[in-house]
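Bear in mind that the values in this text are calculations on the coordinates, not laboratory data. For clarity, every value in this text was computed on a predicted model and none was experimentally measured. Note that each Cβ is placed from the backbone with ideal geometry, even for glycine, and that neighbours are counted across all protein chains shown.
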Amino acid sequence: MVELALTIPILLMILLGTVDVGRMFFSYIQLRNAAFEGARYGETLPSDTTGITTAVLDHGVPSGTTVAVSCSNGDCTNIAAGSSVTITVTTSATFRPIFTSLIQSYFGLGSFTVTGSATTRVAT
């Protein structure tokens, strides 16, 4: 009984930590895939930042996700035919681990930002 009482808290910390790492990785994959969908949309319509943002947010990203769109030439509206301009879509969301509230006072852990990014060449 004593051994069980000593090892259960450690095993629970490992279990909950593993669950949080899995949730964070899942959020990262969602953000990365959503950024790729936005970049794919932006390949043909780089000046439609509202459409790019909608394509990203419709891909099932975590709530509170922010989207940033940029072009390598600095201006996504004036792209000459045949130019080699790339569009980059960056997504970011705040991840709040479940287990953090239990150990935050001991280890100083808290919520942090998870980002995903995708870059593609604009098809002109």
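Worth pointing out:
- The stretch 2-121 - Kirkwood radius from inverse mean 1/r over Cα pairs (Å): 16.3
- Residues Y41, Y28 arranged by fewest to most Cβ contacts within 10 Å: Y28, Y41
- Backbone N under 18 Å from the I98 label point (7 Å along Cα→Cβ), restricted to the stretch 39-63: 62-63
- Sites S72 and T50, calculated FRET efficiency, Cβ-Cβ separation with R0 22 Å, nearest 0.05: 0.60
- Rel. contact order, % - alpha carbon contacts under 8 angstrom, at least six apart, the chain: 31
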